[in-house]
1. Within region 774-788, which residues have the backbone N less than 19 Å from the label spot 7 Å out from Arg754 along Cα→beta-carbon, could you tell me?
2. Over 32 Å between Cα atoms: which of Lys321/Lys556; Lys291/Lys422; Lys389/Lys593 fall into that group?
3. R0 = 30 Å: FRET efficiency of Asp196 with His51, Cβ-based, nearest 0.05?
4. How high is the FRET efficiency between Leu273 and His785 when r is their beta carbon distance and R₀ equals 56 Å, given to the nearest 0.05?
5. Take Asp580 and Val245, extend 7 Å from each Cα along the Cα→Cβ direction, and tell me the distance between the two endpoints in nm.
6. Accessible area of region 565-623 with a 1.4 Å probe: how many percent of it is carbon plus sulfur?
7. Given a Förster radius of 56 Å and the C-beta distance between Arg117 and Gln588 as r, what FRET efficiency does 1/(1 + (r/R0)^6) yield to the nearest 0.05?
8. Is region 501-567 rounded, prolate or oblate when judged by the Cα gyration tensor, a ≥ b ≥ c being the square roots of its eigenvalues, rounded requiring a/c under 1.5 and prolate requiring a/b larger than b/c?
Amino acid sequence: DADKLEGAEGGTLSPKRENATKDENNSLPKETKENPDQNAQSTTSIERILHRQPDEKVAAEMMASLRTFIRCSLLIGSSSRTASTAMEDDLSDEGDPSKEDDMGETQQQLSPEERNRRGKLRRRYHPFCRNGELHLPTVYYAEDDNLGKGDKGGDSIDDTEDVNLPEHPASVGLKHLMNILSVMDAYCSDDWEDDDWNAIFACGSNEGQHTENNEEIQDESMAILQVGFRNRCRLTQRVLSSLDVEITRIWALTDRATNLTTASIHFHPADVLDMEDPANEHVHSNVYGTKSYNRLSNLEERIAHARIASLLHQRNGNLQKAAELAVGFIVSSAPSLGAEQYPRLPPVLSMCILEALLSPHNYVPKNVEGDESIPPGQGSQGWFQDHIKYMFTTSSRTDMESVSTLLRALAYPVHVAASIWKERSLCSDDRVRDAAVVEVAAYDRIQRLGTWLTDATIGEADVEHITKLGSEIHSLATSTSFLNGNDGDANETEYNKKRAVSGISCIISLVTLGDVDQIIGHCEKASEPTGGRGFLLPAYCSAYSSVMNLKWESLKLGNRSGRCTAAAFTVQDKFSPILDSYTQHVEQDDWTKIDAIIQCCVLRGDGLGLQRLAKQVLPGMAQKLLKAEGGTMTTRQRKLISRSMSLLIDAGEVPTVRVINLERRPDRALDFLGCSVHKEQLIVVKGPAKLRLKSAVSAQKNAKAPLAESNEDEECPGNFAFDGQCSRDELEKQLQLRLVGKGRMTDFVEAKWRPSDLKAFDRDARDDFELVHTSMTEKACALSHIASWMGVESTLSDNESFMKCEYDHDVWYQKRLSRMFH
C-alpha cells in the first residue's frame, strides 16, 4: 500500500534505472559509501533520473490505486498470477466453493484450513463488508479508527477468531490520499523559491541517525517528495473541479443511460420474494451474489470520490460548496415518477453517495440494526442542515419558513427514491437485490445525519400520498411570502434568497412528480402579466425540459425495434408557444422578464430565440448603459441591466451548433437535442438558412450601405432539411420556397459528379474517373449543407458592410453583440 501511494505522489523512479542505481551503489567500496561528498553526488544523480508526471496523470494514478484497494479481495491468494487475471477469475468463481479453493495456488493442493481461511479473507475484504459486517462501505476512515477490533453489530459473515486483522486497504488508502491532497493544497503552492523549497528537504534528510542500509532509501524518498510535490497545489483544485461536475451532472446522466440499456438490473413484479416464507428469511443477511461484485465495487469507488470532494471543501472551510454538492446531486438525480418506469428501473439517487456527501469528517458508518444508541431523528442536525439555515436565514419568521420549505423539498426525492429501493430489495434476483439492500441500509443511516431527513409519513406511502406531498411542497414554494416583491435596495439580498429557495423547491417537486400537464399549467400562470410569478418561469422550464427528456428515453425503452419515429410524432413541445408569447409582450425595460427569458432560452438551447431576443432588447440596453440615460437609473435598475447583459454575453459564449433534420424523422431531432442540450449544454440553431446566389452575397459585401434585407431574420423556426425522397419537380419547389431572389437547381448542385474525387475520404469509392448523375437524395443533402454554411457565412460577414458606413458607437456595439447569437 505504501508503495502504491508513494508512486502516486508524482515523482517516480524508472524501475530499470532504479535497480541499476542500487546495483551500482552496492558495488561501490565501503569508503566511498561513507564519504559525505559522494553521498551528495549520489543524491544529485537520483534527482536527475526522476521523471515528474503531469497533474492529470498523477490524479489518474491516485484514483486507479484507490480502485485497486477497493477490489483487494480479488487479489487474495493470487500471488502466482497477475492481478488482472485474478480479478477476472474471482468475478466468475466467487461463491462457488469448488472453484474458490483453487485461488492463487496452481502448483500444489491447499489444505482445507488454508482454503477456508482464504475464503473468509476474501469475504471479509469484499466491498460493502466492513470488518466482516454486511452493507457497510469499506472506504470510510476515522483518526481513531481501529478496524478489526471491537464489537460487531448487524449482519456479520465473519466468524474468524483473528480479530487483529489489518485495516481494509481502501480505508487506509483514502486516509493517506486525503492527507496528500490536503498537503498539496496547503503547502505546495507555486510561490516557493527554489532555495527555500530545497532547504525543507535538505533539513529533513539530515535529521536523525540513519543506518547504512536505510540511508539510500531515505535519500531516494526525499528526492521523490522534493520533485513530486513541487507546485502541486493545482492538482487538488483540478481534482475538485472534476469531481464537482461529475457529482452534480455526469453521474446522473451516465447512470440513467446505463439503467435503460442494462436488462439484468430491470425489476419485474413476478420476481418478488415472499418474505413470509421461512426459507427466505436469510436472504438479506447472506453474502452478496457473485454477479453483484462489479456493481458494488463501482459504488464504493463513487463513495470514495464523493467523500474526497466533500471533505476537501470542508477542510478548506468552504461549507457552502460542500452543501452545493449535496443539493446538486439531489436535484440532478431526483427520480421522476411520471416520466421514468419505477420500480422496473433503479433510481439514480444513491443513498450511499448521499451519505458520503452529508457525513462529517470523522464519520464511520454503523448499521442501524444492532446500534440503537441514537434513534433516527433525535441526533444532531448535522453540518448540512445548519449551513442551509445559515445561508438562507436572517431574523424574520418568513426566512425560517423558506428554509423549512427548502429542506422539505430536498428530503422529498430522497424519501421517494428510498421507497423504490425498498421495493427492489424484495427481488429474488441478487443482481437487483444486493444493490437495493445496500442502499436501504444507507438510507437508515443518513436519517441520523439530520432531522430534515426524518419523515415517518412517507415510509410506506402509496403513489397518491406521495403525489399529494409533492403538490404541497410546490404550493408552499409559491406562496405569497415568496411572491411579494421588493422595490427597494435594503432587503434585495433577502428577497433574492427567497426566490432561489422557491425556484429550487419548484424544480425538485415538479421533476419528482413528473407530470407534464401540471408543469405546463404552472407555466401558463407564471407567464401572465399580472401574476407576479415570472421569475419562476426558468424553474418551470428546467423541470419541463428534464421531464420531457426522461419521458422520451423511457418511451424508447419500451420500443424493441430500435426506431421510434412513430412515437416521436406524439411528442409535442408545449412550452415553446408559451415562451414565444411571453417574449412578444415583454417591454424593453422589464429586465426581470428579460432575465427569465434568457435563462429559458439557454436551458432549452434555443438559438433562434436568443437571436430574436437580442435584436429586441439590445438597442435599449445599449442606450441606457452607454448614454446619459444611465445616470438617471437607480442602483437596482443598473444591477438588473448589468445582470441581463452578463447573461446575454455568457449565452453568446456557449458553443452553438446548427442541426439539419428531416421533417419525417423527429426521433433524430429529439435524440440530438437530448444529447446536445441536456448533456453537453450547447445552443442549437434549428434548420438550414435560406439560399442566396453568390452574386447576391457579393453584392451585399461590397455595398457601401447596409441593405435593408440583411437586417431581417433569415432563419425561420421549424425549417427542415431538403428531403430528397421526391421527384425533381418537387425538389425544385422546395428550393424556390427557400430561395432569396431567382435561381435554379444547377446554380447550387451540378447535374453530374465524379465519385473518385472522394477516394481520399472513402475507401469504397470508385476507382474510375467516370461522371455519374447526381441523385435526388444527393442533391437534397447538398442543398441542406449549402444552406447551413450560407447561414454561417452570412453571420460571420454581417459586420463587414456595416463597418463601411457612417460610424455610430451604439449601433456598432449592438451589432457586435448581436453577432454572438447567430
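The values are calculated or read from the model by the stated rules, or taken from the named source; none is laboratory data. Since this is a predicted model, take the numbers as computed values, not measurements. We place every Cβ from the backbone using ideal geometry, glycine too, and count neighbours over all the protein chains shown. All accessible areas refer to the heavy atoms of the entire protein, side chains included, with ligands and DNA or RNA removed. Shrake-Rupley method; radii C 1.70, N 1.55, O 1.52, S 1.80 Å.
1. What the label zone holds, given the 19 Å backbone N cut-off, is 774-775.
2. Violating the 32 Å Cα-Cα cut-off are Lys321/Lys556.
3. 0.80
4. Approximately 0.45, to the nearest 0.05.
5. 3.5 nm
6. Looking at region 565-623 in its full context, I get 50 percent from C and S.
7. Working: r = 79 Å, r/R0 = 1.42.
Taking R0 as 56 Å, the efficiency between Arg117 and Gln588 is 0.10.
8. Working: a/c = 3.77, a/b = 2.36, b/c = 1.60.
It is prolate, given that a/c is not under 1.5 and a/b is the larger ratio.
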